[in-house]
1. What is the pair-distance distribution P(r) of region 95-217, computed from all Cα-Cα distances in 10 Å bins starting at 0, with each bin given as a whole percent?
2. Quick check on the exposure proxy: order 195, 74, 81 from fewest to most C-beta atoms within 10 angstrom.
3. Please state, rounded to one decimal and in Å, the Kirkwood hydrodynamic radius that region 48-96 gives when every pair of distinct Cα atoms enters the mean of 1/r.
4. If you plug each phi of region 169-176 into the Karplus form 6.51 cos²θ - 1.76 cosθ + 1.60 with θ = phi - 60°, what whole-Hz ³J(HN,Hα) values come out, in order, with x for Gly and Pro?
5. Run a plain Debye calculation on region 35-117 (Cα atoms as equal point scatterers, no solvent) and give log10 I(q)/I(0) at q = 0.12 Å⁻¹, rounded to two decimals, same order as the q list.
6. How would you rank 168, 193, going from fewest to most other Cβ atoms within 10 Å of each one's own Cβ?
7. Distance between the C-alpha centers of region 82-151 and region 41-65? Whole Å please.
8. Figure the gain on full extension for residue 187 and residue 128 (residue separation times 0.36 nm, minus the Cα-Cα span) and round it to one decimal in nm.
Amino acid sequence: MNAMKRINSTIVCLGLLGALALGSSMAGCSNRVPAESLAQRAHFNFWAQNWQLSQQEYAELVDRFPDNWEYQYKLGTSALKNNDLDTARMALSIAETLRPQDRDIALNLAETMYRQDDRDALFGFLVDRAESTQLSEDWLVLARYSLDLDDPDMARLAIQEALVLDVSDSAEPYIIAAELSERLGDIDGALQSLKIAWTLEPENAQVQSMIRGLGEVPGPTMLGSVEMGG
């Protein structure tokens, strides 16, 4: 009789434990934030530059929707702002694969590689992108990083390509060309590029400042016989 009571008690206990486990599981499911609400919170924190919160929320969204390029991009960007470079690199690489034409993704991925000091990967990525898009602005990004990483040969090549492809009449390629010339000690070459930049954007404060820094006064009188063109 005692044995039967023990068996019955064991069955009751097991039943209670099972009910408790089921209840806990259901509570866990009920506490799971709906994806739409989570996305709204994440988007708000991203907009508000609450990078730590947005990284946490986008990480959960990416866990649920790994093929969503926007969640991957915003997770990577938030992680970059938080200096979590490994997370940033992984998320932005996925986002770039899903949406290779997106310039913002590419720029943030390049910045992550730069901050990781992964020079080979950075140059490989930027060269491949510039050759693929054949856009002046992508060659200029390569030129900028080449200057920062003290690679004047790559910078010169990238600037030349940018000037050939530029259809915007922007001063930017000439500004970078002037920076390169000045870094190499070619002051005359720097001034020549800046004079062309001035003719394209005479109100550009950076151009005016650089010209004054090299001992000239911005204005028509400085031009002389400057040849236009790339």
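Each value in this text was obtained by applying a stated rule to the coordinates, not by laboratory testing. Keep in mind that what you see is a predicted model, and the values were worked out from it rather than measured. Reconstructed Cβ throughout: ideal geometry from the backbone, glycine too, with neighbour counts over all protein chains shown.
1. Reading the bins upward from 0: 14, 41, 32, 12, 1.
2. Ordered from fewest to most neighbouring Cβ atoms within 10 Å, 195, 74, 81 come out as 81, 195, 74.
3. Values: mean 1/r = 0.0999 Å⁻¹.
Kirkwood hydrodynamic radius for region 48-96: 10.0 Å.
4. 6, 8, 7, 3, x, 6, 5, 5
5. At q = 0.12 Å⁻¹ the computed log10 ratios are -0.28.
6. The most exposed by this proxy come first: 168, 193.
7. So the two Cα centres are separated by 22 Å.
8. Gain on extension, residue 187 to residue 128, equals 18.1 nm.
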